[in-house]
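**Student:** Quick one: the structure is below, questions incoming.
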Amino acid sequence: MSELIAFIGVGNMGNPMAENLMKAGKKVKVFDVSKKMVEKAKEKKLDVVENLDALITNDVTTVITMLPEGKNSKEVYLGDNGIINKVSKNCLLIDCSTIDIQTSIEIGKNATSNGIKMIDAPVSGGVMGAQKATLNIMVGGTKEAFDLALPLLKIMGKNIFHAGELGSGNGAKICNNMSLGITMIAASESLMLAKRLNIDIKKVHEIMKNASGNSWPISVYPPLPGLIEGTPSNNNYRPGFSAGMMNKDLKLANECAKQAKASTPLGSMALEIYNKFCEEGNDTKDFSAISKVVGGDAWNYPID
């Protein structure tokens with residue numbers, strides 16, 4: 001049977017991921033509940049179907065999902081019209097959504113009990129990483145399922161990690177994004193202080209990139225315009241990764257910390273800062289726009 005990939009969720013991340021699979025010569029069908037995202041998928045010449053029934057056919061060999069929250073993944077996989085009851089036993093399921101660990105494990109165990117292989121495979125790297133196929137992909141599941149998925153994951157990403165059993169991919173992603181949320185605030189505070197001290201921010205940025213204060217937000221994704229081309233800060237904070245999604249991931253990290261009885265004071269504080277930012281109507285801006293909150297009037301640049 002020839003390979004056929006069903007891709008569910010072609011938003012800002014899913015669209016370029018599906019496109020890269022198509023460009024690699026894979027036969028891909030896509031579906032999304034958003035009419036806006038469907039139109040964007042059609043612009044990319046992706047094969048769009050109208051509903052899940054048309055998408056999940058007997059000849060589908062792999063299902064990839066990229067959905068916003070655990071409730072969405074649960075509905076798609078385990079709902080009344082859930083795909084676990086539709087796919088063949090030979091179909092591989094790959095959930096690239098970043099969701100809570102418990103839901104990830106529940107879906108995976110349900111698939112396994114039906115004789116279907118599944119992995120959780122959340123990604124990191126934002127829209128730029130999805131477009132350039134340089135995503136970091138963190139995988140939870142059996143070694144057998146990981147090996148089956150690896151050729152497809154290599155088309156969509158650059159660094160592929162097998163983190164452990166089901167749920168481990170989401171666990172690793174949650175830990176990573178808690179650190180990312182914290183360091184984006186730290187990068188914003190550092191550059192704000194340089195501004196207050198009347199030091200050339202470009203020079204401070206260059207120094208930090210080559211010194212012990214370096215971080216991914218400093219070296220790759222700075223929160224201020226004029227430092228690195230192609231970043232959201234140079235595009236009015238059009239999201240590569242939205243503040244709302246960062247807020248969601250920080251909530252997941254906070255919930256995990258409570259369940260594991262782990263102390264994460266900086267993670268909790270980052271959640272408070274992002275939560276307030278989103279409540280003020282900035283959830284659709286890139287998460288690096290948090291610099292406006294940290295910097296106050298020091299920046300003197302708009303985010304709307």
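**Student:** Identify, from the list Lys209, Lys276, Lys203, the residue that is surrounded by fewer than 23 Cβ atoms within 10 Å (Cβ to Cβ) and either closer than 30 Å to Gly70 by Cβ or not assigned by TED's automatic domain parsing to the domain that holds Thr183 (or both).
**Tutor:** Lys276 is the lone residue from the list that is surrounded by fewer than 23 Cβ atoms within 10 Å (Cβ to Cβ) and either closer than 30 Å to Gly70 by Cβ or not assigned by TED's automatic domain parsing to the domain that holds Thr183 (or both).
**Student:** If you don't mind, there's one more thing I want to ask. Tell me, please, whether a residue that is closer than 26 Å to Thr134 by Cα and within 19 Å of the chain's Cα centre (by Cα) can be found in the range 51-64.
**Tutor:** Within the range 51-64 (the criterion being closer than 26 Å to Thr134 by Cα and within 19 Å of the chain's Cα centre (by Cα)), the answer is yes, since at least one residue qualifies.
**Student:** Hey, Gly244 hits all of (1) surrounded by 16 or more Cβ atoms within 10 Å (Cβ to Cβ); (2) out of contact with any Asp or Glu (no Cβ under 9 Å at 6 or more places or on another chain) but one; which does it fall short on?
**Tutor:** The one condition Gly244 does not meet is (2).
**Student:** If the requirement is being over 22 Å from Asn176 (Cα atoms) and of a type in the set (Gly, Ala, Ser), which of these qualifies: Gly125, Gly140, Gly115?
**Tutor:** Answer to the check: Gly115.
**Student:** Applying the selection to the range 127-148, what residues are within 18 Å of the chain's Cα centre (by Cα), more than 14 Å from Ser168 (Cβ to Cβ) and either among the charged types (D, E, K, R) or crowded, with 17+ Cβ neighbours inside 10 Å (or both)? Lay out the reasoning, then the answer.
**Tutor:** Here is the first cut: in the range 127-148, the ones within 18 Å of the chain's Cα centre (by Cα) are 127-140.
Narrowing the set further to residues that are more than 14 Å from Ser168 (Cβ to Cβ) leaves 127-136.
Passing the criteria: Val127, Met128, Gly129, Ala130, Gln131, Lys132, Ala133, Leu135, Asn136.
**Student:** Restricting attention to the range 75-102, which residues are over 17 Å from Phe146 (Cβ atoms) and within 17 Å of the chain's Cα centre (by Cα)?
**Tutor:** Ser97, Thr98, Ile99, Asp100, Ile101
**Student:** In the range 128-138, what residues are in contact with a strand residue (DSSP E or B) (Cβ under 9 Å, 6 or more places away or on another chain) and in contact (Cβ under 8 Å) with a residue 12 or more places away in the chain?
**Tutor:** Gly129, Ala130, Ala133, Thr134, Leu135, Asn136, Ile137, Met138
**Student:** Being assigned to a loop (DSSP other than H, G, I, E, B) and without any contact (Cβ under 8 Å) to a residue 24 or more places away in the chain is the filter here, so list the residues in the range 178-223 that pass it.
**Tutor:** Of everything in the range 178-223, those that are assigned to a loop (DSSP other than H, G, I, E, B) and without any contact (Cβ under 8 Å) to a residue 24 or more places away in the chain turn out to be Leu197, Asn198, Ile199, Asp200, Asn210, Ala211, Ser212, Gly213, Asn214, Val220.
**Student:** Can you give me the ranges of the helices (runs of 4 or more DSSP H) entirely in the range 237-297 with at least 2 residues that are touching a Leu at 6+ places or on another chain (Cβ under 9 Å) and over 28 Å from Arg196 (Cβ atoms)? Can you show your working first?
**Tutor:** Values: elements: 243-260, 265-277, 290-295.
Here the list reads 243-260.
**Student:** Name the single residue, out of those in the range 103-126 being part of a helix (DSSP H, G or I) and either of a type in the set (Ser, Thr, Tyr) or surrounded by 19 or more Cβ atoms within 10 Å (Cβ to Cβ) (or both), that is farthest from the chain's Cα centre (by Cα).
**Tutor:** The selected residue is Ser113.
The values are calculated or read from the model by the stated rules, or taken from the named source; none is laboratory data. Just so it is clear, the structure is predicted and the values come from calculations on it, not from any experiment. FYI the Cβ positions are ideal-geometry reconstructions off the backbone, even for glycines, and counts take in every protein chain you see.
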